[in-house]
Amino acid sequence: MATLQKIRNKGTLLVIVIGAALLAFVLGDVFTSGSTLFGKVRDKAFVVNGEVISTKQYADKITEFEEFQKMVSGQSSLDENTSSQIREAVYQQMMRERLIDDQTKKLGLTVTKAEINDLVHGENISPVLQQLPFFNDPQTGMFNRNALIEFINTVNTPNPGPQEQALVDKYKSLWLFIEGMVRTQRLEEKYISLLSNAVIVNDQEAKTTFDLSQQNADIVYVKQNYFTISDSAVKVTDKEVQDYYNAHKASFRLEAPLVKLSYFSKEIVPSSEDFAEVETESKKAFTELQSAANPMSVVADYSDAPYRDVFVSEFMLTPSQIEFVRNAAVNDIAGPKREGDAYQIIKLIDKTVAPDSVRLRMMAIPDASTVGKDTVVTNFVDSIYGLLQGGSSFAEVANSLNPNSNGGEVGWAREIDLVQMGSGLVQAAFNTPIGQPVKLSVPGQQLILQVEERTSPVNKYKVAIVNMPVVASEKTSNNIDNELNQFISAPDVKTKFTELASKKNYMVMPNVTVSANDFSLAQIPSSRQIITWAANEKEHGSVKKFDLTNLRVIARVEQVIPAGTAPLSEVSSGIRTQLMNEKKAEKISTDLKARNLTSLNDYAAAMNATVDTVRFVNFTTPNITGLGVEPVLNAVSAFAPVNKLVGPMKGNLGVYVTQVADRTTGTETYNAAAQKRSMLNNNAYRLQMQSVEVLKNKLRVEDNRYKFF
């Protein structure tokens, strides 16, 4: 009872304690095992219309793209540039899919299974499929329907065996991805068609545009560039800059943050000790190569490239090597000699005069031991060989075996191109009479080849080359890293980054501005990680060292400008220049008009310029030769009277005074339907570009990839 009373007396306190414990338990679950909740909130690769695409979704799609690219290219790995392009392509496709889906659902636009089937199997194959190299004929580069059918047949393989299942599954995954691309392209095509057809082209507009496109003018002009006027000659106030900024804020939108950073780099290069070490080793190689009966083992032990037991022409040698072989006797040796960042030894093994290249046709049949049909394969090869000896065309026989073999054409080849298939093939190719078929056996295959022609004989040499590159040793690399680690550990490195770097003779690149989504910093390979770090660094002035391949980069974060509307401080310089040019145009025009000049030569003298001419300009010319985009000259070409001075006029580059010297009319016949169709196609292209940008703003696309990738 006493205990119960104590509990009653402290009831309020216990409720608070128990409540606090429960709260701690709940919050603890959220922040620990429940941290997944907060992780999901933060895990946004990008957001489209409120839909969050997680980093996993994005990364998985990138992997699909990469696997597809590897299959298409036949590569086992992708370089950094290709991977970066794939990441951007994945983002663009996933983002556009969601933008278009949102609109097409509201409009009731769909792509049916029947349409997909027609785009894959019908007469009008989807442009997506036609553009994929995987379905192109390697000889012509054109779309090959048979390649597509073969791919789909693999996808639909009935009851594949255990070994085939993995390949079938991979093809299925890729096909689902390809089908998605086909569907999206068709859906976007419908959407853009709807938009473009909502913008009509009437008869008057079509006829006027056609007539203007047929009026080509030769324009004589004088131009005074804006940079010829000192900036101090005009005044642009801060208020004018601010007013322009306020009126054009939509033009200064940033899809991703801007990162400002300063950096310097230091290349990891071999030290004098590294060169001395390789030089000592090269002297050993020289002694061994000098006395070696067979150079192959010495080259294999010391050189970065293997020995090739073939003759090569001078075209495959460096200038110093050519000088040596021309004057050397067989078994003469030269070196070791430093060539760039390597030491090189060369020994002349033999010399001859022979053709440099041969043009071959070839047929390859799996070896009997490979297929387990000794008698069948042997008889088959003998029968083909017999046909050729009997006068049958090599090309026709090769095409009968494989219609895609192009008559067995191999093309031109040198000894070094053929040696990987054995010395027997090299001997046959360079010694068999032209037009005579020859049988050869190489590992795994029986070959029948025929020499079509050979080049004229040239001097050829068989050489053993020991090339020993000098690379930075671990000690050298560690010394550079220690030096840079000491630099970034300096207590005042954040505030005196440039000053300290200059004292060490490091060349700093100051205030470099990049987008948080840029692939690289100043084209430095593998430097994407620097941008990712800087874009996510909370403390301005932070300094970090990055270990790249054969390069170290030390970077300091100067500023990170968030996505959204760029601040005035970042765009004021460009605005001020534009406003200055407008005032310079006004000043130049006013001064010229006050002089009452009457000829282009007078204007040229007053503008300190020369008279020039552009030809065949009409109202629709998008880019004028030598001048670029100058709409004022397009207007002159169409409407200015012939041989009459027009100007001064403000252009994009400067102030113009012009005169139409001649105007001719084209001979094309007006076709209303064709003209309207052309204008609608132009509208469709423009709307396709513009609609995505409008939708990105309207549906609030939020790109956070820089936080993770």
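The values are calculated or read from the model by the stated rules, or taken from the named source; none is laboratory data. Because the structure is predicted, anything quoted here is derived from the model rather than measured. Cβ: placed from backbone, ideal geometry, glycine included. Neighbour counts: every protein chain shown.
Starting from residues that are charged (D, E, K, R) and not in a strand (DSSP E or B), keep the ones in region 330-341 and report whichever is farthest from the chain's Cα centre (by Cα). Give the derivation first.
The initial filter retains those residues of region 330-341 that are charged (D, E, K, R), namely 332, 337-339, 341.
Pick out the ones that are also not in a strand (DSSP E or B) and you get 332, 339, 341.
Working: Asp332: 47, Glu339: 33, Asp341: 30 Å.
Here the answer is Asp332.
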For this session: Please name all residue pairs, on different chains or six or more residues apart, with Cβ atoms under 6 Å, provided the first residue is in region 527-544 and is under 20 Å from Ser83 (Cβ atoms) and the second residue is of a type in the set (Ser, Thr, Tyr) and assigned to a loop (DSSP other than H, G, I, E, B).
Result: Ser527/Ser520; Arg528/Ser520
Exercise. Does region 92-109 hold any residues that are within 16 Å of Thr55 (Cα to Cα) and among the charged types (D, E, K, R), and which are they?
Worked result: none
Seminar exercise, completed: Among the residues of region 279-327, the number that are closer than 13 Å to Ile345 by Cα and either of a type in the set (Phe, Trp, Tyr) or outside the structural domain of Glu339 (by TED's automatic domain parsing) (or both) is 4
For this session: Would you confirm whether any residue within region 236-253 is of a type in the set (A, V, I, L, M), out of contact with any Leu (no Cβ under 6 Å at 6 or more places or on another chain) and not in a helix (DSSP H, G or I)?
Result: no
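Evaluate region 348-355: report whether one residue or more is more than 29 Å from Ile434 (Cβ to Cβ) and surrounded by 13 or more Cβ atoms within 10 Å (Cβ to Cβ).
Checked against the condition, which is being more than 29 Å from Ile434 (Cβ to Cβ) and surrounded by 13 or more Cβ atoms within 10 Å (Cβ to Cβ), region 348-355 yields at least one hit.
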Exercise. Between a first residue in region 473-487 that is acidic (Asp, Glu) and a second residue that is surrounded by 12 or more Cβ atoms within 10 Å (Cβ to Cβ), which pairs have beta carbons less than 9 Å apart while being 6 or more apart in sequence or on different chains?
Worked result: Asp481/Ile268; Asp481/Lys545; Asp481/Asp547; Asp481/Arg552; Glu483/Lys266; Glu483/Lys504
For this session: State which residue pairs qualify: first residue in the same structural domain as Val636 (by TED's automatic domain parsing) and inside region 605-618, second residue surrounded by 12 or more Cβ atoms within 10 Å (Cβ to Cβ) and in a loop (DSSP other than H, G, I, E, B) in any location, beta carbons under 8 Å apart, and separation of 6 or more residues or different chains.
Result: Ala606/Leu597; Val614/Leu627; Asn618/Gln214
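Check whether at least one residue in region 495-503 is of a type in the set (Phe, Trp, Tyr) and more than 30 Å from Tyr245 (Cα to Cα), and report yes or no.
Taking region 495-503 and keeping what is of a type in the set (Phe, Trp, Tyr), we get 497.
Narrowing the set further to residues that are more than 30 Å from Tyr245 (Cα to Cα) leaves 497.
The answer is yes; a qualifying residue exists.
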Exercise. Gly564 versus (1) out of contact with any Asp or Glu (no Cβ under 7 Å at 6 or more places or on another chain); (2) surrounded by 15 or more Cβ atoms within 10 Å (Cβ to Cβ); (3) farther than 30 Å from Lys496 by Cβ: which is the lone unmet condition?
Worked result: (2)
Exercise. If we keep just the residues of region 486-539 that are assigned to a loop (DSSP other than H, G, I, E, B) and among the aromatic types (Phe, Trp, Tyr), which is modelled with the highest pLDDT?
Worked result: Tyr506
Seminar exercise, completed: Of the candidates Val655, Val646, Val614, the one satisfying the condition of being touching a Pro at 6+ places or on another chain (Cβ under 7 Å) and either closer than 25 Å to Thr228 by Cα or surrounded by 15 or more Cβ atoms within 10 Å (Cβ to Cβ) (or both) is Val655
For this session: For region 416-433, state whether one or more residues are in contact with a Pro (Cβ under 8 Å, 6 or more places away or on another chain), at pLDDT 90 or above, within 27 Å of Ser313 (Cβ to Cβ) and part of a loop (DSSP other than H, G, I, E, B).
Result: no
For this session: Collect the residues in region 685-709 that are touching a helix residue (DSSP H, G or I) at 6+ places or on another chain (Cβ under 7 Å), surrounded by fewer than 17 Cβ atoms within 10 Å (Cβ to Cβ) and over 30 Å from Ile531 (Cα atoms), keeping them in residue-number order.
Result: Gln688
Problem set entry | Unmet requirement for Val692, which otherwise passes all of (1) within 35 Å of the chain's Cα centre (by Cα); (2) more than 27 Å from Lys207 (Cα to Cα); (3) touching a residue at least 24 places away in the same chain (Cβ under 8 Å); (4) assigned by TED's automatic domain parsing to the domain that holds Glu582 | (4)
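Here's the yes/no breakdown for (1) outside any helix (DSSP H, G or I); (2) touching a Pro at 6+ places or on another chain (Cβ under 9 Å); (3) at pLDDT 95 or above; (4) under 19 Å from Asn517 (Cβ atoms):
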{"position": "Lys545", "(1), (2), (3), (4)": "yes, no, yes, no"}
{"position": "Ile554", "(1), (2), (3), (4)": "yes, no, yes, no"}
{"position": "Gln559", "(1), (2), (3), (4)": "yes, no, no, yes"}
{"position": "Thr577", "(1), (2), (3), (4)": "no, no, no, no"}
{"position": "Ser589", "(1), (2), (3), (4)": "no, yes, no, no"}
{"position": "Leu597", "(1), (2), (3), (4)": "yes, no, no, no"}
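Could you check region 596-611 and list, in sequence order, the residues that are surrounded by fewer than 16 Cβ atoms within 10 Å (Cβ to Cβ) and not aliphatic (A, V, I, L, M)?
Quick first cut of region 596-611, residues surrounded by fewer than 16 Cβ atoms within 10 Å (Cβ to Cβ) only: 596, 598-599, 601, 605, 608, 610-611.
Asn596, Thr598, Ser599, Asn601, Asn608, Thr610, listed by residue number.
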Exercise. So which residues in region 200-229 are under 41 Å from the mean Cα position of the chain (by Cα), loosely packed, with under 15 Cβ neighbours inside 10 Å and either of a type in the set (A, V, I, L, M) or in a loop (DSSP other than H, G, I, E, B) (or both)?
Worked result: Ile200
Problem set entry | Residue pairs meeting the criteria (Cβ under 6 Å; at least 6 apart or on separate chains; first within 17 Å of Asn379 (Cα to Cα) and in the same structural domain as Gly422 (by TED's automatic domain parsing), in region 433-459; second modelled with pLDDT of 90 or more and assigned to a loop (DSSP other than H, G, I, E, B)) | Val438/Thr432; Ile448/Pro437
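Does Ser262 count as hydroxyl-bearing (Ser, Thr, Tyr), modelled with pLDDT under 95 and either closer than 30 Å to Phe46 by Cα or not in a helix (DSSP H, G or I) (or both)?
Working: hydroxyl-bearing (Ser, Thr, Tyr): yes; modelled with pLDDT under 95: no; either closer than 30 Å to Phe46 by Cα or not in a helix (DSSP H, G or I) (or both): yes.
Answer is no for this residue.
Kindly check whether there is at least one residue in region 342-363 that is assigned to a loop (DSSP other than H, G, I, E, B), over 19 Å from Pro457 (Cα atoms) and either modelled with pLDDT under 95 or out of contact with any Leu (no Cβ under 9 Å at 6 or more places or on another chain) (or both). Give the derivation first.
First, the residues of region 342-363 that are assigned to a loop (DSSP other than H, G, I, E, B): 356.
After this cut, where a residue has to be over 19 Å from Pro457 (Cα atoms) as well, the list is none.
There is no residue in region 342-363 that is assigned to a loop (DSSP other than H, G, I, E, B), over 19 Å from Pro457 (Cα atoms) and either modelled with pLDDT under 95 or out of contact with any Leu (no Cβ under 9 Å at 6 or more places or on another chain) (or both).
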